[in-house]
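What follows is a set of notes on a single structure, which appears directly below.
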Amino acid sequence: MLRSWVLLISTLVAVAGLTAPAAAEPAPERDVIAQMFGWNWRSIGRECRETLGPLGYGAVQTSPPEEHSLLPEQGFPWWQSYSAVSYELNSRYGTRAELAEMVRGCHAAGVRVYVDAVINNMAAIQDCGIGSGATPYCHYWYPRVPYGFDDFHHCGTPNDAIVDYSDRSQVHRCQTFNAADLATDDERVRDRIAGYLNDLLSLGVDGFRIDSAKHIAPEDLSAIEARLSRPAYVYQEVIYGRNDGSRPEDYLGTGDVMDLRYAGALSAIFRRGHLAQLREFGSALPSDSSVVFVANHDTVRHGVTLTYADPERYTLANAFLLTWPYGHPKILSDYAFTNYDEPSPSDPLGRTLDATCGDGHWLCEHTWPGIAGMVGFHQQTRGEPVVDWFDNSGDLIAFGRGGAGFVVLNGESSAMSGASFRTSLPQGTYCDVMHGAVRAGVCTGPAYDIDETGRLRADLAPLSGLALHIGAVVTR
C-alpha cells in the first residue's frame, strides 16, 4: 500500500493549499470509538472499566488479534501484527482467553469491541518463519488455516505486485508490500475468512475495521459478510488516490468507510490554514457512513496528519472533531515513538506490556482533558444543528449545537480577553468540559455563566478553548 500512501500524501498537499452499512450500525447514543493502538487485551479490559465506559466512549478498536509473523531481527516492529500467519487468536497482545475476558469486561462497562481484521492478505515474509502462536509457515503456505498456493491471487505482474493503481483489477488482485494476496473471489477462501470473523463474533466481538479493504473487491466483501453468523458493524480502510481504480465511494454498500480525506483536510486547516475555514466543513462521503478522525496509527507515522508532537493543535482538532456534526468520531490512543517501526512497549520476546498512562511511553490521548470531556459533549448535543457561528476571519471560532452546547476554539497565538458570544444556551452556570468535569455538583475546572440573554463572556489562553453543554450545569 506504499503507493496508496504516496497518493494520499499528494492529495493532502493539494488540500493544504486550499449505501447503508452492511450489517449493523454503531449505537446512536454512543458512537465515539477509541482506537487503542498497540494495547494488550488485559489493558484494554481495564481501561474499558476504569475510563472508557465512564467517559462515555461507545466502542474500542483493537489491534489485529490473529497469529502473526515474529520479526525479532527487526525489533518486533508494530506492523508485524498485520503480517498474518493463521486465524488462531494468539498474538503479541494476548491469548484467546484474554481476548474473551477483555470483551466481557468492555461489555460490562457499556463499551463495544471492534477488531482490526486482516483479511486481504497473509504474511509479507518472502521465505519461512514461525508465528506468534508457534505455527510454522512459508509464503503461500499457511498450514494452520489451511491456505496453499492456489488460495492466493497471482496476477502476472512483476512479483505479482500492483503496477498501475488506475487498474481496478490490479488493485484487487495483486500484492501490496509483498503480502500474499488472498483469492477473496474463491468460495473456499471466503468460507475460511468468514470462519475467522464468526469465531470472533462467538466471543462477543461487535464489529470489524477491515484492513486494506481497498484491495478487496466490494463484491468479495459482500459475499464474506453474507456468511457472518450475526449482524456486525463494519467500517473499512479505503485510502483515497486521485486516479485510483478503487475508491472509497465504491464501498458504501459493504459498510461505513474511514474518511482519510476528512482527516487530511482537518489537519491541513489546523496546521496551515485558518479555523474560520471550518464553517462548512465536511467531506465527499455521506456523514452517516463515515468514520472520521484527526489521525490514526498510519497517518501519524507517515506524518500526513497532526500528531501528539503538536499537542495544543492536536487537542483543538480533536475537540472540533467531537463537537462538529459529521461522521462517527474515532480517537487515537497511541504510544510515543521515535522511528516508524517502533513497537509498543514490549518484553524481550516481543509481547506487549501492560499500558500505564503517564509513564512516558503510553500517550493515552483518550484521557487528555481537552479530548475526554468532549465525548460527553458529543453525546449531549447529538442531532442538534450548528447555530450561533462566530469567527474573526482567522483562527478564533465559536458555535453552538442547538440549545444543548456551545464551544469556543482559539487557534490564535495570542490570548483572547473579554470576548462576548451570543449563544442559544439556557441561563445558568456551566462547567467547561474541555478543562474539567462536574463532580459532586461542582466544577473541577473553570465555570462560565450564561446570562438571561444567552450571552457568554470569556477569556481564553492561546491555542485553547472552552466547551459548555446542558449536561454539565451547576448551581453556584
Label-point gap, in nm, between Arg144 and Thr429 - each point 7 angstrom along Cα→Cβ: 5.9 nm
Per-residue [θ]222 nm for the chain (sum of -39500 (n - 2.57) over DSSP H runs n ≥ 4, rounded to 500): -7000 deg cm²/dmol
Zone residues, region 394-409, relative to Ile470, backbone N less than 16 Å from point 7 Å out along Cα-to-Cβ: 400-407
Solvent exposure ordering (accessible area, 1.4 Å, most first) of Tyr57, Tyr87: Tyr87, Tyr57
Distant-in-sequence amide H partners of Phe208 (H built 1.01 Å from N, under 5 Å): Val115, Tyr233, Val234, Tyr235
Ordering of 317-324, 359-366 by packing [mean C-beta count within 10 Å, highest first]: 317-324, 359-366
Inter-site label distance for Arg242 and Asp164 at 7 Å from Cα along Cβ, in nm: 2.0 nm
Hz values of 3J(HN,Hα) by residue in region 67-76 - Karplus curve (6.51, -1.76, 1.60), Gly and Pro given as x: 4, 9, 4, 10, 10, x, 5, 10, x, 6
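Can you give the charge dipole size of the chain about its Cα centre, rounded to the nearest 20 debye, using +1 on the beta carbon of Lys and Arg and -1 on the beta carbon of Asp and Glu?
Values: 36 positive and 57 negative charges, 181 e Å.
Dipole about the Cα centre, nearest 20: 860 debye.
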Area accessible to solvent at Glu25, 1.4 Å probe radius, in Å²: 120 Å²
Region 224-355, relative contact order [Cα under 8 Å, separation at least 6], %: 20 percent
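What accessible area per residue comes out for the chain, rounded to a whole number of Å², with a 1.4 Å probe? Could the numbers behind the result be given before it?
Values: 17030 Å² over 476 residues.
Result: 36 Å² per residue.
On the protein heavy atoms, probe 1.4 angstrom, tell me the percent of accessible surface of the chain carried by carbon and sulfur.
Values: 8770 of 17030 Å².
Carbon plus sulfur share of accessible area: 51 percent.
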Rounded Å value of the spacing that divides the Cα centres of region 162-200 and region 345-386: 32 Å
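The values are calculated or read from the model by the stated rules, or taken from the named source; none is laboratory data. In this text, all values refer to a predicted model and were calculated from it rather than measured experimentally. Neighbour counts are summed over all protein chains in view; Cβ atoms, including those assigned to glycine, are modelled from backbone coordinates with ideal geometry. Ligands, DNA and RNA are excluded from the accessible area calculation, which covers all protein heavy atoms including side chains. Shrake-Rupley method; radii C 1.70, N 1.55, O 1.52, S 1.80 Å.
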